[in-house]
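Just below is one structure, and these are the notes that go with it.
The values are calculated or read from the model by the stated rules, or taken from the named source; none is laboratory data. Owing to the predicted nature of the structure, the values given are computational and were not obtained by experimental measurement. Methodologically, a virtual Cβ is constructed for each residue, glycine included, from the backbone with ideal geometry; neighbour enumeration extends over all protein chains shown.
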Amino acid sequence: MSEGNGALSDEARQAGLEFVVKGMSCEGCAASVTNAARRVPGVTRVKLDLDAATLRVVGTTDVEAVTTAVKNAGYVLERA
């Protein structure tokens, strides 16, 4: 069960977090977003689809941590 502080249940961690990435238009952008997400503590897997502009993150992290890391890299995430 998800808690109000953004923590995820074991089931949600396994399913992952899905996002739409705004402002990403090239392979360099994709690498920046992927690297930012991978550096978030607790992230175990990152899958980015440049053509669909989607990001999937798996691990023991929360939405805020991933969103902030990618924002600091210059991009905007929205929950898919």
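Starting from residues that are basic (Lys, Arg) and under 14 Å from Ala69 (Cβ atoms), keep the ones in the stretch 29-45 and report whichever is surrounded by the most Cβ atoms within 10 Å (Cβ to Cβ).
Top of the filtered list is Arg38.
Modelled with pLDDT of 60 or more, touching a Ser or Thr at 6+ places or on another chain (Cβ under 7 Å) and farther than 11 Å from Val58 by Cα: is that true of Val20 in this structure?
yes
All but one of (1) assigned to a helix (DSSP H, G or I); (2) surrounded by fewer than 18 Cβ atoms within 10 Å (Cβ to Cβ); (3) β-branched (Val, Ile, Thr); (4) in contact with a strand residue (DSSP E or B) (Cβ under 9 Å, 6 or more places away or on another chain) hold for Thr68; which doesn't?
(4)
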